[in-house]
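Peer 1: My structure is below; once you've seen it, I'll send some questions.
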Amino acid sequence: MRCEVSNVRRVYSIAMRYVMVLIATLVLGSGSAWAEWLPAAEIQPRVDHHIREVGVLIEHFETFVAGECPRFSTTADWETYAESEIDRMLLLAAHAEQAWVEAKRTGDDDVRRAAKAPRRRLDEAPRILNKLSACAEGNGVTLAPGSVYRRLERDLPRRQSEISLPR
């Protein structure tokens with residue numbers, strides 16, 4: 001009987017050693033992640049750059065949605081216009097996402113909050129696409145929003161890498 005009790009204690013102490021090693025690894029590992037955070041003063045200008053770009057693009061799309069649909073004499077002209085608008089949508093998403101990528105490199109809550117704000121504006125994409133679809137119909141062309149969404153998802157990482165600031 002005594003042998004069984006010592007085996008139970010031994011198993012318990014081995015299990016506790018593993019738990020202690022796991023906790024120590026987590027504590028020390030998270031400390032090194034904090035050590036990699038950069039000061040807010042270094043990250044803030046990078047985030048501000050992307051936020052400014054988002055602001056310019058949001059203004060463009062607010063004007064587009066509120067205004068009249070442009071008319072084109074040929075479908076080729078319309079296609080060129082639509083491509084440029086879709087490219088602007090892609091650029092808007094890329095800058096909003098890149099602001100957040102930059103902000104995650106610091107522990108400063110104000111920088112992170114500022115970087116999250118433009119991402120909320122991405123919820124307006126359906127309004128922009130609805131207007132673009134209506135304008136396409138007015139020009140005798142159809143525009144499938146699903147294909148635009150797929151393109152945005154597919155091309156976003158590439159565009160993000162193109163607009164990211166050098167470190």
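Peer 1: Which of the helices (runs of 4 or more DSSP H) contained wholly in the range 1-104 include at least 1 residues that are modelled with pLDDT of 70 or more, more than 30 Å from S147 (Cβ to Cβ) and in contact with an Asp or Glu (Cβ under 8 Å, 6 or more places away or on another chain)?
Peer 2: Values: elements: 2-35, 40-66, 75-103.
Ranges flagged: 40-66.
Peer 1: Tell me which residues, restricted to the range 130-159, are in a helix (DSSP H, G or I), within 18 Å of D87 (Cβ to Cβ) and either outside the structural domain of L91 (by TED's automatic domain parsing) or in contact (Cβ under 8 Å) with a residue 40 or more places away in the chain (or both).
Peer 2: K131, L132, C135, A136, V148, R151, L152, D155, L156, R159 - these are the residues of the range 130-159 that are in a helix (DSSP H, G or I), within 18 Å of D87 (Cβ to Cβ) and either outside the structural domain of L91 (by TED's automatic domain parsing) or in contact (Cβ under 8 Å) with a residue 40 or more places away in the chain (or both).
Peer 1: Another question about this same structure. Give just the number: which of (1) among the β-branched types (V, I, T); (2) closer than 29 Å to E36 by Cβ; (3) exposed (fewer than 13 other Cβ atoms within 10 Å of the Cβ) does T63 not satisfy?
Peer 2: T63 satisfies every listed condition except (2).
Peer 1: Output yes when any residue across the range 76-84 is crowded, with 20+ Cβ neighbours inside 10 Å, over 14 Å from L122 (Cα atoms) and not aliphatic (A, V, I, L, M), and no when none is.
Peer 2: Looking through the range 76-84, at least one residue is crowded, with 20+ Cβ neighbours inside 10 Å, over 14 Å from L122 (Cα atoms) and not aliphatic (A, V, I, L, M).
Peer 1: To continue, here is another question. Somewhere in the range 124-142, is a residue within 16 Å of the chain's Cα centre (by Cα) and under 22 Å from F64 (Cβ atoms)?
Peer 2: yes
Peer 1: Among the residues of the range 92-129, count how many are closer than 15 Å to L152 by Cβ and surrounded by fewer than 19 Cβ atoms within 10 Å (Cβ to Cβ).
Peer 2: Number of matching residues: 8.
The values are calculated or read from the model by the stated rules, or taken from the named source; none is laboratory data. From a predicted model like this one, the values you see are computed outputs, not experimental measurements. Here the Cβ is made from the backbone with ideal geometry for all residues, glycine too, and neighbour counts use every protein chain on show.
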